1. Among the residues in segment 45-54, are any in a helix (DSSP H, G or I), under 22 Å from residue 171 (Cβ atoms), assigned by TED's automatic domain parsing to the domain that holds residue 142 and modelled with pLDDT of 95 or more?
2. If a residue has to be more than 15 Å from the chain's Cα centre (by Cα) and either surrounded by fewer than 18 Cβ atoms within 10 Å (Cβ to Cβ) or assigned to a helix (DSSP H, G or I) (or both) to count, how many in segment 86-112 make the cut?
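The values are calculated or read from the model by the stated rules, or taken from the named source; none is laboratory data. Bear in mind that the values here come from a model prediction, so they are computed numbers and not experimental data. Note that we place each Cβ from the backbone using ideal geometry, even for glycine, and neighbour counts take in every protein chain shown.
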């Protein structure tokens, strides 16, 4: 191999190396920097882990069943514990319980789950709540809300979209029809599918979609995929 050929190959490798460095500098580095800045450190670490399997979550629920019910009742009925954007602002005592049961946040589902009517007064209250959008988010509406319990370290990236798992408490036994969970009113993002396992992604599972696995009549495991804007 003559000197000119060696120089030509050397220049080619130098160009390739420069191109690779530019690609990393312009495309890859800002992308990972944006992810690092966008996600809190604890959430960023969670993205790199596998989601907990269903049995792990069910075992945790069964072990701490009384605590889960207690926190659900706290969200619905204890108005001395405030909420911000539907998310409970826990007292130190509540935070200790959440840590014990491996839950990172507790929030409402923006639904009005009305119990069966038994008296004319209850019928009037239900009509009022059904007609009043504000009751979905204010303190009085909490007593009819479903409750999400975000499972700690239960979020990961799938196709660059966050996927997470959580517990879902519904204060009435919800209706299931045709393999879907029927929600009150008309939800903006559709009705969640009922599935037998959430250890794998349901078929055609995509952004803004959720699926639920029943644990018992009032409790579900819920898995959702969001757009990249957690």
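1. no
2. 11
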